[in-house]
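First up is the structure itself, then whatever we jot down about it.
The values are calculated or read from the model by the stated rules, or taken from the named source; none is laboratory data. Computed from a predicted structure; not experimentally measured. Cβ coordinates were reconstructed from backbone atoms using ideal geometry, including for glycine residues, and neighbour counts include every protein chain displayed. Ligands, DNA and RNA are stripped out before the accessible areas are found, and what is left, the full protein with its side chains, is counted by its heavy atoms. Shrake-Rupley method; radii C 1.70, N 1.55, O 1.52, S 1.80 Å.
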Amino acid sequence: IAGLVGSGRTELAETLFGLDPADGGEILIKGEPVRIESPSQAIRLGIGYVPEDRRQHGVVLEMPIAANTTLASLSAVSSKGLINRAAERRSAEGYVERLRIKAPSVATDVGALSGGNQQKVALARWLATSPDILILDEPTQGVDVGAKAEIHGLVQELAERGLAIIMISSELPEILGMSDRVAVMHAGTLSGVLSRAE
């Protein structure tokens, strides 16, 4: 999704994830109309959301990588309200390896990581929910060139595996290089949808 800051891109993402109520229109998942009224409902419908401001909303800086990674999928690492720390650690270690997160261990606080590695932890949190749809709002904002290339490669790999990705970006080269279709927003409305070739 392309558009200038203030065009309504983030508001659209927040509506799709149940953070803001929809003013109108219809949301279809796999051709079926759905009403999404809360993030927990969005997660049950298979939607994950990596927000634009990772330090404020994407990760908990004072918590270790292991806890951050499983925060949206606690039921997978807990029983009767108690978190199985070994299962949490194993899950996190798998994502650290898969996403090439550079950290001494999964016990390291996320606040001690570089911006690119913090973004990968935010991504791992939602991948742990096994989503069908992943919304990425400015996924490479504020990360170095190497981390940006790694994140792009990972997003491409996820898309090739069949994960539907909605990516919001202010960077035209990123939009053109990563997208199959580009929806352009202006003043809170969709002003057009273009194919990659167009």
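Which loop-located trypsin sites (Lys or Arg not before Pro) does the range 1-62 contain, where loop means any DSSP state but H, G, I, E or B and the Cβ has at most 16 other Cβ atoms within 10 Å?
Answer by residue number: Lys30, Arg35.
For Ile27, list long-range residues whose amide hydrogen, built 1.01 Å from N in the peptide plane, is under 5 Å from its own amide hydrogen.
Here Val34 satisfy the definition.
Amide H neighbours of His186 under 5 Å, at least 5 residues apart or on other chains, H built in the peptide plane: list them.
Excluding prolines and chain starts, which carry no amide H, the hits are Ser191.
Suppose only helical runs count, i.e. DSSP H with n ≥ 4. What mean residue ellipticity at 222 nm does that imply for the chain under -39500 (n - 2.57) per run, divided by all residues and rounded to the nearest 500 deg cm²/dmol?
-10500 deg cm²/dmol
Starting from the Cα-Cα distance between Asn84 and Leu61, subtract it from 0.36 nm times their residue separation and give me the gain in nm to one decimal.
So the chain would gain 6.1 nm between Asn84 and Leu61.
State, to one decimal in nm, how far the label point of Asp132 lies from the label point of Gln156, with both points 7 Å from Cα in the Cβ direction.
2.7 nm
Give me the accessible area per residue for the chain, probe 1.4 Å, as a whole number in Å².
Heavy-atom SASA per residue in the chain reads 54 Å².
Between Ser114 and Glu93, what FRET efficiency follows from the Cβ-Cβ distance if R0 is 25 Å, with the result rounded to 0.05?
Once rounded, the FRET efficiency stands at 0.85.
Provide the percentage of antiparallel DSSP beta bridges, counting only those with both residues in the chain; round to the nearest 5.
Rounded to the nearest five, the antiparallel share is 55 percent.
Run down the lysines and flag those whose C-alpha is under 26 Å from the C-alpha of Lys120, throwing out any fewer than 8 positions away in its chain.
Here the lysines satisfying the reach criterion relative to Lys120 are Lys102, Lys148.
From the phi of every residue in the range 170-180, what ³J(HN,Hα) in whole Hz does the Karplus formula 6.51 cos²θ - 1.76 cosθ + 1.60 yield, where θ is phi - 60° and glycine or proline is x?
8, 8, 4, x, 5, 4, 5, x, 10, 9, 8
Just need the Rg to Rh number for the range 111-198, please, alpha carbons only, Kirkwood Rh.
Details: Rg = 13.6 Å, Rh = 14.0 Å.
Answer for the range 111-198: 0.97.
Taking the Cβ-Cβ separation of Leu176 and Asp23 as r and a Förster radius of 41 Å, what is the calculated FRET efficiency to the nearest 0.05?
The computed FRET efficiency comes out at 0.85.
Sticking with the crude label model, points 7 Å out along Cα→Cβ, report the distance from Leu74 to Ser40 in nm, one decimal please.
It is 1.0 nm.
Which of Pro104, Pro39, Pro64 ends up with the largest GNM mean-square fluctuation for the chain, with Cα atoms connected below 10 Å?
Looking only at Pro104, Pro39, Pro64, the largest GNM fluctuation is found for Pro104.
Can you pull the Rg over Rh of the range 1-123, Cα-only, Kirkwood?
1.02
Across the range 148-164, in residue order, what do the Karplus-derived ³J(HN,Hα) couplings come to in whole Hz, using 6.51 cos²θ - 1.76 cosθ + 1.60 with θ = phi - 60° and x for Gly and Pro?
Ordered by residue, 3J(HN,Hα) equals 4, 5, 5, 5, 4, x, 5, 4, 4, 5, 5, 5, 5, 7, x, 6, 7 Hz.
If you roll a 1.4 angstrom probe over the protein chains with everything in place, what fraction of the accessible area of the chain belongs to carbon and sulfur, to the nearest %? The partial results should precede the final answer.
On the way: 5730 of 10660 Å².
Using a 1.4 Å probe with all protein chains present, the chain comes out at 54 percent carbon and sulfur.
Please turn the phi angles of the range 18-34 into ³J(HN,Hα) values with the Karplus equation 6.51 cos²θ - 1.76 cosθ + 1.60 (θ = phi - 60°), one per residue in order, whole Hz, x for glycine and proline.
With the stated coefficients, the range 18-34 comes to x, 7, 10, x, 6, 6, x, x, 9, 10, 10, 10, 6, x, 9, x, 9 Hz.
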